[in-house]
Each structure stands twice: as structure tokens, then as C-alpha cells.
Amino acid sequence: MRVRRVVTTRAGGVSVAPYDSFNLGDHVGDDPAAVAANRNRLAEQIGLPASSVVWMEQIHSRNVTVVEGPVDEPVPATDALVTTTPGLALAVLSADCVPVLLSDDEAGVIAGVHAGRVGARVGIVRETLKVMVELGARVESIGAFLGPAASGEQYEVPPAMQADVEKHLPGSASRTKKGTAGLDLRAGLRRQLLEAGVAGVAVDPRCTISDTSLFSHRRGAPTGRLASVIWMDESAPDGE
């Protein structure tokens with residue numbers, strides 16, 4: 001069994017502007033039929049039934065939900081999904097927030113986390129690690145991947161907001177290219193994960209605000225949403 005991860009871009013879907021073209025968010029005003037077609041295409045491309053991809057109703061909370069099988073609708077009011085079920089894909093939607101994919105490959109426990117400014121500040125990643133451990137994971141065996149997100153050079157915030165987030169998520173304060181107060185949530189989350197004892201943290205360097213191949217709410221709203229997806233491929237032997 002092998003843990004697999006995929007991050008989408010804007011390209012390859014059927015949505016029209018301003019959601020062009022591979023929008024996977026069902027809450028941004030896009031045609032529901034286009035979103036459904038895009039989600040079906042994603043499932044097809046990763047080799048899973050569309051029913052095996054689990055989506056969330058993300059609310060910027062620290063709510064974590066354990067899922068054991070396919071669900072008919074997005075899991076309500078949660079910002080992290082955890083499973084031990086092979087072949088069940090956990091999807092995180094984002095367009096500047098940080099998608100966090102976590103896995104203990106040996107224990108067979110994976111998680112997908114939506115960590116925006118509010119969720120990161122209130123500890124959604126720490127809560128997810130706790131639930132993973134309850135399901136048999138060992139923190140020192142967990143690897144983390146932080147997907148495309150707003151970079152510290154581009155994510156401008158008021159100084160008071162920066163100070164507040166830095167207080168709760170040390171390492172996240174930054175200076176933007178303009179020389180103003182900024183936030184680098186991935187830097188703060190990476191520090192938090194390493195201090196928690198995880199085995200390693202990989203970071204996708206792409207900035208959603210500056211990279212036009214990605215969706216960015218801050219660059220231009222309304223817009224679509226990327227998906228970062230993690231699953232355990234039961235058809236792949238260990239080490240493949």
C-alpha cells in the first residue's frame with residue numbers, strides 16, 4: 001500500500017470565467033454541473049470512483065472528523081478529515097489558505113487539513129495530530145506536505161492581525177515585498193509541526209497570489225478552488 005498525494009491547478013476543467021477552468025469548489029458561485037464534472041474528472045484522473053473522494057464544508061474551525069467510508073455530501077462544519085480506510089481520498093479546497101496533507105504510512109493513518117489564517121491560529125493542525133494518534137499513528141512517523149498557499153511576500157495584513165497570529169502560531173510573521181506586515185502561514189505551520197515531533201515537512205513553494213496557474217481569492221474574487229488530495233492506494237505494494 002502506498003500513500004498518494006495530488007494537487008490540482010486551474011487547468012483542465014470545464015468551468016467558465018472567473019472560475020476557469022478546473023474549479024472544484026461547490027460554494028463559490030460556479031455552475032453546479034461544471035463543478036460536478038470537474039470533480040468526476042479529478043476522480044477519474046486519480047483512478048478512484050467519484051464516490052470515494054470525501055469533501056468538506058470548510059468553516060475555518062478546529063473541528064476534525066474521522067471518516068470510515070464514502071459519504072453522499074460534503075462532511076459538514078469541519079476543517080480536517082482523518083481516515084484509516086484505503087482507497088478513500090480526502091480532499092482539501094483552497095485558494096490562498098494552506099492545504100496540509102499528513103500521513104503515517106506505517107500505521108495507515110492519513111489526514112487532509114484546511115488551515116487558513118483562522119484555523120491555523122486556533123490549532124487545527126495540532127487537533128488533527130491528536131486524532132491521528134488516537135487512531136494508531138505515531139507523531140514521529142508522520143510526514144507532512146504543505147500545498148500551494150499565499151506566501152509571506154504577498155500576504156499583506158494589518159500589523160495587529162500579524163501580531164495576533166504570530167502570538168498563536170510563532171514563526172508566521174513576515175514582511176511583504178512592499179515592506180509591510182505580512183503572514184507566512186506555511187512557515188508557522190512548518191515550525192509547529194516540527195516542534196510537535198513529526199518526521200518531516202515538505203513545502204510546495206508556489207504562491208497562490210503570484211502564480212496565475214493557481215486560484216487565489218486575494219488576487220481576484222470570485223474565483224475557483226484548488227484541491228489537495230491524499231489517499232492510500234491499496235493496489236500499490238509498499239515501496240512502489
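Would you please name the residue that is nearest to ARG175 (Cα to Cα), looking only at residues in the range 185-206 that are in contact (Cβ under 8 Å) with a residue 40 or more places away in the chain and small (Gly, Ala, Ser)? Applying the filter and picking the extreme gives GLY188. Among the residues of the range 151-204, the ones that are out of contact with any helix residue (DSSP H, G or I) (no Cβ under 9 Å at 6 or more places or on another chain) and of a type in the set (S, T, N, Q) come to 3 in all.
Residues considered: GLY182, GLY171. Of these, the only one that is assigned to a loop (DSSP other than H, G, I, E, B) and farther than 27 Å from ALA11 by Cβ is GLY171. Is it the case, given these coordinates, that LEU48 is among the aliphatic types (A, V, I, L, M), in a loop (DSSP other than H, G, I, E, B) and touching a strand residue (DSSP E or B) at 6+ places or on another chain (Cβ under 6 Å)? Yes; evaluated as a whole, the condition is true for this residue. Quick one: is VAL66 among the β-branched types (Val, Ile, Thr), within 15 Å of ILE230 (Cα to Cα), in contact (Cβ under 8 Å) with a residue 60 or more places away in the chain and surrounded by fewer than 24 Cβ atoms within 10 Å (Cβ to Cβ)? Yes; evaluated as a whole, the condition is true for this residue. Give me the residue from the range 73-95 that is among the polar types (S, T, N, Q) and either surrounded by fewer than 22 Cβ atoms within 10 Å (Cβ to Cβ) or more than 9 Å from the chain's Cα centre (by Cα) (or both) and, out of that set, farthest from ARG4 (Cα to Cα). Here the answer is THR78. Do we find that ASP211 is at pLDDT 95 or above and under 14 Å from the mean Cα position of the chain (by Cα) in this structure? No; evaluated as a whole, the condition is false for this residue. Restricting the range 96-145 to residues that are part of a helix (DSSP H, G or I) and of a type in the set (S, T, N, Q), the residue that is surrounded by the most Cβ atoms within 10 Å (Cβ to Cβ) is THR128. In the range 1-27, the residues that are within 18 Å of ASP96 (Cβ to Cβ) and in a strand (DSSP E or B) form Cβ pairs under 7 Å with partners that are of a type outside the set (Val, Ile, Thr) and at pLDDT 95 or above, at six or more places apart or across chains, as follows: VAL7/GLY147; VAL7/PRO148; VAL7/ASP204; VAL7/LEU226; VAL7/SER228. Close contacts from the range 149-164, counting a first residue that is closer than 23 Å to THR8 by Cβ and crowded, with 20+ Cβ neighbours inside 10 Å and a second that is among the aliphatic types (A, V, I, L, M) and at pLDDT 95 or above, with Cβ to Cβ under 6 Å and a gap of 6+ residues or different chains, come to ALA149/VAL98; ALA150/ILE209; GLN154/ILE209; TYR155/LEU183. Among the residues of the range 2-60, those that are over 19 Å from the mean Cα position of the chain (by Cα), hydrophobic (A, V, I, L, M, F, W, C) and surrounded by fewer than 16 Cβ atoms within 10 Å (Cβ to Cβ) comprise VAL16, ALA17, ALA33, ALA36, ALA37.
Residue-level analysis places THR78 outside the set of residues that are of a type in the set (S, T, N, Q), farther than 24 Å from ILE124 by Cα, part of a loop (DSSP other than H, G, I, E, B) and out of contact with any Gly (no Cβ under 9 Å at 6 or more places or on another chain). For the residues PHE145, PHE215, the requirement of being among the aromatic types (Phe, Trp, Tyr) and either under 20 Å from ALA80 (Cα atoms) or without any contact (Cβ under 8 Å) to a residue 60 or more places away in the chain (or both) singles out PHE145.
The values are calculated or read from the model by the stated rules, or taken from the named source; none is laboratory data. The model shown is predicted, which means the values in this text are computed figures rather than measured ones. Methodologically, a virtual Cβ is constructed for each residue, glycine included, from the backbone with ideal geometry; neighbour enumeration extends over all protein chains shown.
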